[in-house]
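Every number in this text was worked out from the coordinates using simple rules, so none of it is lab data. All values reported here derive from a predicted model rather than from experimental measurement. Positions of Cβ are backbone-derived with ideal geometry, glycine not excepted, and every protein chain shown enters the neighbour counts.
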Amino acid sequence: MIDFYYLSGSPFAWRVWLALEHKGLQYQRINLSFQNGDLKKKSYLMMNPRGKAPVLVDGEVTIYESAVILEYLEDKYPNMGANLLPRDVNTRALSRRLINEIDVYLDSASRRLLMATLFTPKEQWDEEKISRAFEALDVELKRFDEYFSLGFELKILSAVEFSMFPIIALILRIEEQKPDLGFSKSMSPALGAWFTRLETMSLFQTTRPPHWR
Ligand SMILES: N[C@@H](CCC(=O)N[C@@H](CS)C(=O)NCC(=O)O)C(=O)O
């Protein structure tokens, strides 16, 4: 049985949850509490010295870094459920490039917005800082427009969707706290159509972070 160490609200943990469900694997979800300091406990740091979620333990293998966890699941269980990456080498490389761009560029842009909003007490919000972070994030998101159109048309469901969707959902969550953020309005038609298609699927609804429901 796979042990999946999960943190509610983490886009990276959500990505792994989606992948486990998509592949129809048997696993047990172990909920971590940030407030209780679970991520900095000695036993947890032995699994992930960076003290971050998620972690996956499968028999004698312990892995952290969500993109690598997905690669592992695909390699280890190639014939279980649906694929996480396309079989064709060229499209597989394109998927890996997109996931890397999400992790290197989009994640850092969304983290800046997250830090300036949900991780800062409301009375200390710096509007200028928030708008700068939002503008940079918007520019970064537009870079993925071609993929959103393609993904929508081809009805693709892969590790790219599982990596991107939780970040978009998190930005919408930030907008719930800051309704004048303007994200819903600034979403490109391609992103809007792509997101709406996925959000209505039960896979994305049943894995929604429990504390958001
Ligand atoms: N690159 C890592 C990022 C993991 C990460 O940043 N996790 C955050 C939650 S979104 C975390 O556990 N933060 C706790 C901390 O830094 O104390 C991955 O893909 O797994």
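For the range 61-148, I need the span (max minus min coordinate) of the C-alpha atoms along each principal axis, in Å, sorted largest to smallest.
Result for the range 61-148: principal-axis Cα extents of 51, 33, 19 Å.
What would the Debye equation give as log₁₀ I(q)/I(0) for the chain at q = 0.09, 0.19 Å⁻¹, counting only Cα atoms as equal point scatterers?
-0.36, -1.54
Do you know the relative contact order of the chain, to the nearest whole percent, from alpha carbon pairs under 8 angstrom that are 6+ apart?
Relative contact order, the chain: 25 percent.
Please state the relative contact order of the range 2-76 as a whole percent: Cα pairs under 8 Å, 6+ residues apart?
RCO, the range 2-76: 36 percent.
Give me the three principal axis extents of the range 92-213 from the C-alpha atoms, as integers in angstrom, largest value leading.
The Cα atoms of the range 92-213 stretch 44, 29, 23 Å along their principal axes.
So what are the ³J(HN,Hα) numbers for the range 188-196, from phi and the Karplus equation (6.51, -1.76, 1.60; θ = phi - 60°), rounded to whole Hz, Gly and Pro as x?
Computed from phi, the couplings for the range 188-196 are 5, x, 5, 5, x, 5, 4, 5, 4 Hz.
Consider all pairwise Cα distances in the range 2-76 and report the whole-number % of them above 16 Å.
Percentage above 16 Å: 42.
Could you go through the range 145-157 in sequence order and give the Karplus-derived ³J(HN,Hα) for each residue, using 6.51 cos²θ - 1.76 cosθ + 1.60 with θ = phi - 60°, rounded to whole Hz, and x for Gly and Pro?
For the range 145-157, the Karplus-derived couplings read 4, 4, 5, 4, 5, 5, x, 5, 5, 8, 6, 6, 9 Hz, x marking Gly and Pro.
Amide H to amide H under 5 Å from V55: which residues, 5+ apart in sequence or cross-chain, H placed 1.01 Å off N in plane?
The list, which skips near neighbours in sequence, is Y5.
Could you list K42, K129, K178 in order of exposure, starting from the residue whose Cβ has the fewest other Cβ atoms within 10 Å?
Least crowded to most crowded, the residues run K42, K129, K178.
When only C-alpha pairs under 8 Å and at least 6 residues apart count, what is the relative contact order of the range 89-212, in percent?
Across the range 89-212, relative contact order equals 29 percent.
Could you give each residue of the range 106-123 its phi-based ³J(HN,Hα) in whole Hz, using Karplus coefficients 6.51, -1.76, 1.60 with θ = phi - 60°, and x for Gly or Pro?
Taking θ as phi minus 60°, the curve returns 5, 4, 5, 5, 6, 5, 4, 5, 4, 5, 6, 10, 4, 9, 10, x, 3, 5 Hz for the range 106-123.
Taking 22 Å as the cut-off for C-alpha to C-alpha distance, list the pairs among K42/K76; K40/K122; K142/K185 that go past it.
With Cα atoms farther than 22 Å apart: K42/K76; K40/K122.
Can you give the net charge of the other residues whose Cβ lies under 14 Å from the Cβ of K76, counting K and R as +1 and D and E as -1?
So the environment of K76 carries a net charge of -4.
Within the P(r) computed for the range 142-185, what percentage of the Cα pairs occupies the region above 18 Å?
It works out to 38 percent of all Cα pairs.
Assuming 0.36 nm per residue, please report the length gained on full extension of the stretch T62 to E127 beyond their Cα-Cα distance.
Result for the pair: 19.2 nm of gain on full extension.
Run the helix sum for the chain: -39,500 (n - 2.57) per DSSP H stretch of 4+ residues, divided by residue count, reported at 222 nm to the nearest 500 deg cm²/dmol.
-16500 deg cm²/dmol
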